[in-house]
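The block underneath contains the structure these notes are about, expressed in structure tokens.
The values are calculated or read from the model by the stated rules, or taken from the named source; none is laboratory data. Only a predicted model underlies this, so the values are computations on that prediction, with no experimental measurement involved. Every residue, glycine as well, gets a Cβ built from its backbone with ideal geometry; the counts of neighbours run over all protein chains shown. For the accessible areas, the whole protein counts, side chains as well, though only heavy atoms, and no ligand, DNA or RNA atoms are used. Shrake-Rupley method; radii C 1.70, N 1.55, O 1.52, S 1.80 Å.
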Amino acid sequence: MIKVALMEQRVTMQRIADEAGVSRMTVSCALRNSPKVSKATCRRIQALALALGYKPDPLIQRLNTHLAQAHRQSSGQVIAWINSFKERKPWGGQIPFFSMYEGAAARARKLGFQLEEFWLREPDMTGEKLSRILYQRGIECLILAPIPKGGGHLTMDWDKFSAVAIGYAMVFPRMHRVGTHHHHSAHEAFRQLYRKGHRRIGLFLSKDMNSRTDHGWLEAMAYHQFNIPKKYWVTPLIQDDYSEKLFLRWFKKERPDSILTHYWWLDELLVKEGYRVPEDVAIAFFDLEGASPRMAGIDERYGLIGEKAADLVIAQYYRNEKGIPAEPDTVMIEGRWVDGSTVCRKALKV
């Protein structure tokens, strides 16, 4: 007796529609959380689809994405770049943000979108007002550029938009975000200096930068010191506002043979005080974007961060995901160490 195995019939949208007593178009919209269908109906149809074992056809999804992308290329769907800095430039006048903006703009163009800046510091502008403007223009995608102060927040009508934040400065609401993997970058910087013979490695940063980097550099220093003899420990210097006098007092007391910092002009100050860089003290920088080619430190790859922000918000757009996510995703980009003349290999004393 020959047994013939029958393939399990694929559950289609039409079958779900028949079971639910609605049209196939309603099922399609409900599965994409389209605002054209009520939330109650969306939940009912999604539960039915799950019970029936419905699985989207990846080939059809790919075709739909291709058709949508072709339409975007002709219609020019806009992604809003939200700038909340005082200066009206897409990158808020901050050099690192320029590369983020350029990376996001290039990636958006490649995927059939356009990137356009909107300034939250316009006279009489509020998050509520900007939300209305964007909604009336049919703009559904937001890239939230880094905000001026760490630990801050933005207020928008989030339910209308797919959104992604760049960096860690914005703590509320908790959105999908893309940022530098500060912990990885900091550990790499400490490793590089230690391998080059530096033992008393100091850390000098502002309180705001500590918040912006999600405390990654401070935590990496704590881990580094946990693994070295106590005689090499250096107390970190974290300032609310920069004070040259306080820095020099700290430097003379702690006697670091190398310093990790974000202050680009620090080597000039030390040279002015009679120290040789890097012979007397080496200096490595958190962020080399816009810095002199002679400086050593971490390339945080801001252009790639912008590209990934565009990818993330466009993916939400195609899935019709809007509002504050229940479980936000974070994409972290690893920085790369770059050698420079502000750091040299140090001969160890026997």
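Some observations on this one:
- The range 192-203 residues that are touching a residue at least 12 places away in the same chain (Cβ under 8 Å), paired with ones that are part of a strand (DSSP E or B) and open to solvent by 30 Å² or more (accessible area, probe 1.4 Å) (beta carbon under 7 Å, 6 or more apart): Gln192/Trp337
- Flag if Glu289 is touching a Ser or Thr at 6+ places or on another chain (Cβ under 7 Å), farther than 20 Å from Glu244 by Cβ and surrounded by 15 or more Cβ atoms within 10 Å (Cβ to Cβ): yes
- The set of residues in the range 239-251 that are surrounded by fewer than 16 Cβ atoms within 10 Å (Cβ to Cβ) and under 28 Å from the mean Cα position of the chain (by Cα) comprises Asp240, Asp241, Tyr242.
- Filter result (under 25 Å from the mean Cα position of the chain (by Cα) and either among the hydroxyl-bearing types (Ser, Thr, Tyr) or assigned to a loop (DSSP other than H, G, I, E, B) (or both)) within the range 187-233: Ser206, Ser211, Thr213, Asp214, His215, Tyr223
- Residue-level check: of (1) open to solvent by 30 Å² or more (accessible area, probe 1.4 Å); (2) over 15 Å from Glu102 (Cβ atoms), Val343 misses just (1).
- Within the option set Arg294, Arg255, being modelled with pLDDT under 95, closer than 23 Å to Arg195 by Cβ and open to solvent by 10 Å² or more (accessible area, probe 1.4 Å) holds for one residue only, Arg294.
- Counting only strands (runs of 3 or more DSSP E) that sit wholly inside the range 234-340, those with at least 2 residues that are farther than 25 Å from Leu154 by Cβ and of a type outside the set (S, T, N, Q) are 237-239, 258-261, 282-285, 296-299, 336-338.
- Test: residue in the range 197-205 that is surrounded by fewer than 18 Cβ atoms within 10 Å (Cβ to Cβ), among the aromatic types (Phe, Trp, Tyr) and under 27 Å from Pro236 (Cα atoms): no
- Test for Gly76: is it on the phi > 0 side of the Ramachandran plot and modelled with pLDDT of 65 or more: no
- Scan of the range 143-169 for residues that are in a loop (DSSP other than H, G, I, E, B), in contact with a strand residue (DSSP E or B) (Cβ under 7 Å, 6 or more places away or on another chain) and hydroxyl-bearing (Ser, Thr, Tyr), ordered by number: Tyr168
- Residue satisfying condition, being polar (S, T, N, Q) and within 14 Å of Ala284 (Cβ to Cβ), within set Ser162, Ser206, Ser258, Ser243: Ser258
- The range 312-336: number of residues that are open to solvent by less than 40 Å² (accessible area, probe 1.4 Å) and touching a residue at least 12 places away in the same chain (Cβ under 8 Å): 11
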